[in-house]
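Colleague: Please read through the structure below; I'll follow up with questions.
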Amino acid sequence: MSSKGRAKQAKYIFVTGGVASSLGKGIVASSLAKLLQARGLSVAIQKFDPYLNIDPGTLNPYEHGECYVTNDGAETDLDLGHYERFLGVPTSQANNITTGRIYNNVITRERKGDYLGKTVQVIPHITDEIKRNFIILGDTGQYDIVLTEIGGCVGDIESLPFIEAARQLRWDLGQHNTLFIHLTLVPYLASAGELKTKPTQHSVKMLSESGIQPDIIVCRTEHPIPLEMRKKIGLFCNVSSNDVIEAIDAETIYDVPLLMKKEKLDQRVLYKLDIYNDKDADLDQWKGFLGKLKNPSDSVTIGLIGKYVELKDSYKSIAESFIHAGAANETKVNLKWISSETLTEDGYEKKLEELDGILVAPGFGERGIEGKINAVRFAREKKIPFFGICLGMQCAVIEFARNVVGLTDAHSSEMDKESSAHVIDLMEEQKSVTNKGGTMRLGAYSCKIEKGTLAHQIYGKLTIQERHRHRYEFNNQYLEQMKTAGMTMSGINPDSNLVEIIELRDHPFFIGVQFHPEYKSTVLNPAPLFVNFVKACLKNAIPLMRGAK
Ligand code: GLN
């Protein structure tokens, strides 16, 4: 394997899924990667998604959950968020590839004449392009192991080319350089009082029909899988019972690395990949986090005001950031998901009164916007800790312009083209953009923080980098007016002069950020804005009312 000064020769692990979707392939992949990383190996995780969109940036959050943004501005699948939160290593465009991107690359090359004279086909042209992408990260020489999660379920027509390309890669690189892990479900039939292995057998059979014999089978289950059952699965699926791994339902996703360690998943993987590593996975810090998460000494209730609240995955990174920040404060954060559309109804204040803090979430389009603005007003006037992210910050600007500056008609040009005060507006360079995919202000940008502000206190430094995903911006034409009325612009982009952070002074905690701090929060490095917001909510909470433990 790798030796000092020499580039590493990567080995490839593929994680496929069967029986049902949503079994948690991303969490199993992240947990295995965490264990390998904790043994001193350098690991990358990537996700290959079978849909035809070039990336998930154009998908409705209801359809696909949150769109996760990387430092380099890629709009990606939310599983990449788990990879970063578990490993603490940034991902990039190379870590998320879709069928759409693969076809786009091949068809662009065909038009350039790269295949002149040839019939362009799924095999070998599409599968070759998939294989080229499978090994891009491995070829950098930075990784011992590249883990690839293949989206969808085995047997889906659309994921077949990925499966075929993975099969070919094993043929190209050999047994000890490639490994297949198949995640299945072992359902519990309450009426029979039994766990059932048949769906797993069928799923593995289907995978073998595509030429792949899994090396390890991970079984999602609600109940422990006894040895006899592991032997049975092993017998029918051609693996040793040691390679039938139980993935029992966990209290939190952050328990899964420890559960997988108990099941010796990392040991089996290393053995099969012929990697000699006798280090014990160092998970002390991880366990420290879990200890705090599970033994909170206090609790707060925070309202998450958004328009996609019915599907919690739409705000995945925000919810996870609160878990990290809660643990950092040894506090249980109870998130109350409130649909902003309900905050224009009579008596809406009742819903907000019981909250220790208010977060107005990111979002797009007009629906629910007035409810968000009402929530900001409530937080500002009643001095409840407020945190606005992206659209949430824009709402704070609109609310302040309307109710403090007196620009009663103030709005964002995204929501109201006719308003006479577009305090939030498109930048000049965005006005000519017509394509929707990948054209927002995306990825990491620098932000200069003003000394002595709340932002400075939170970050403890004067230059930060955070990730963006939006088209509209604070309109600097209104800068002086807003400042005079008492709003502080505490973070500015040093290159474009765009306002990135706003805050109010005569308030216990009122901050809005144009960027998305939730994308950078990890288990071992919680986002400072979330940590401090929870702290402020804790201060605001009245012990008797919040039912402190
Ligand atoms: N819709 C707003 C914009 O495009 C905010 C986007 C967001 O909240 N991510 O600027």
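Colleague: Hey, can you grab everything whose amide H is under 5 Å from the amide H of Lys11? Only 5+ residues off in sequence or another chain; H modelled, so Pro and N-termini drop out.
Modeller: HN-HN under 5 Å from Lys11: Ile145, Val146.
Colleague: Mind checking the dipole of the chain: about its Cα centre, +1 per Lys or Arg Cβ, -1 per Asp or Glu Cβ, Debye to the nearest 20?
Modeller: 1280
Colleague: Going down the list Lys196/Lys231; Lys232/Lys261; Lys332/Lys535, which pairs span over 19 Å between their C-alpha atoms?
Modeller: From Lys196/Lys231; Lys232/Lys261; Lys332/Lys535, over 19 Å: Lys232/Lys261.
Colleague: What do you get when you divide the Cα radius of gyration of the stretch 14-149 by 2.2 N^0.38 Å, with N the number of residues?
Modeller: 1.11
Colleague: Oh, and also: Pull up the cross-link candidates among the lysines for Lys431, meaning alpha carbon to alpha carbon under 18 Å and not fewer than 8 places away within one chain.
Modeller: Hits, sequence-local ones excluded: Lys417.
Colleague: Further question: Whose amide H sits under 5 Å from the amide H of Gly443, counting only residues 5 or more places off or on another chain, with H placed in the peptide plane?
Modeller: So Gly443 has HN proximity to Gly73, His468.
Colleague: Taking the Cα centre as origin and putting +1 on Lys and Arg beta-carbons and -1 on Asp and Glu beta-carbons, what dipole magnitude results for the stretch 225-345, to the nearest 20 debye?
Modeller: Dipole size: approximately 220 debye.
Colleague: Which trypsin sites (Lys or Arg not before Pro) in the stretch 232-319 sit in a loop by DSSP (not H, G, I, E or B) and have at most 13 other Cβ atoms within 10 Å of their own Cβ?
Modeller: Lys279
Colleague: Now, a different point. Are there trypsin sites (Lys or Arg not before Pro) in the stretch 38-125 that DSSP marks as loop and that have at most 11 other Cβ atoms within 10 Å, and which are they?
Modeller: In loop regions of the stretch 38-125 (DSSP not H, G, I, E or B), the sparsely surrounded trypsin sites (Lys or Arg not before Pro) are Lys118.
Colleague: Could I ask something else about it? Among the GluC sites (Glu not before Pro) within the stretch 383-443, which fall in a DSSP loop and have no more than 15 other Cβ atoms within 10 Å of their own Cβ?
Modeller: Passing both the DSSP loop test and the Cβ count: Glu418.
Colleague: Normalised by the empirical 2.2 N^0.38 Å for globular proteins, what value does the Cα Rg of the stretch 373-436 take?
Modeller: 1.23
Colleague: Are any of the pairs Lys292/Lys539; Lys287/Lys382; Lys383/Lys483 more than 27 Å apart by Cα-Cα distance, and if so, which?
Modeller: Over 27 Å Cα-Cα: Lys287/Lys382.
Colleague: Mind checking the angle between helix 284-294 and the chain's longest principal axis? C-alpha axes, 0 to 90 degrees, to the nearest 10.
Modeller: It is inclined by approximately 60 degrees.
Colleague: Sticking with this one: So how compact is the stretch 273-358: Cα radius of gyration and Dmax in angstrom?
Modeller: My reading of the Cα-based Rg and Dmax gives 18.4, 66 Å.
Colleague: Still on this structure, I have one more. Rg and Dmax of the chain, using alpha carbons, in Å: what are they?
Modeller: 25.1, 78
Colleague: In the stretch 1-156, what percentage of the DSSP-assigned beta bridges are antiparallel, given to the nearest 5?
Modeller: 10
Colleague: Enumerate the amide H contacts of Gly388 below 5 Å, restricted to partners 5 or more residues apart or on another chain; note that Pro and chain-start residues carry no placed amide H.
Modeller: HN-HN under 5 Å from Gly388: Val360, Ile511, Gly512, Val513.
Colleague: Let me ask something additional. Using only Cα atoms and rounding to the nearest 10 degrees, what angle (0 to 90) does helix 227-237 make with the longest principal axis of the chain?
Modeller: In the chain, helix 227-237 runs at an angle near 70 degrees to the longest axis.
Colleague: Could you run the Karplus curve 6.51 cos²θ - 1.76 cosθ + 1.60 with θ = phi - 60° over the stretch 31-39 and give me ³J(HN,Hα) per residue in whole Hz, x for Gly and Pro?
Modeller: Each residue of the stretch 31-39 in turn: 5, 5, 4, 4, 5, 5, 4, 5, 9 Hz.
Colleague: Which one, Val106, Thr140, Gly65, is farthest towards the positive end of the dipole of the stretch 46-196 when Lys and Arg carry +1 and Asp and Glu -1 on their Cβ?
Modeller: Val106
Just so you know, all these numbers are worked out from the coordinates, no wet-lab data involved. Keep in mind it's a predicted model, so treat the numbers as computed, not measured. Here the Cβ is made from the backbone with ideal geometry for all residues, glycine too, and neighbour counts use every protein chain on show.
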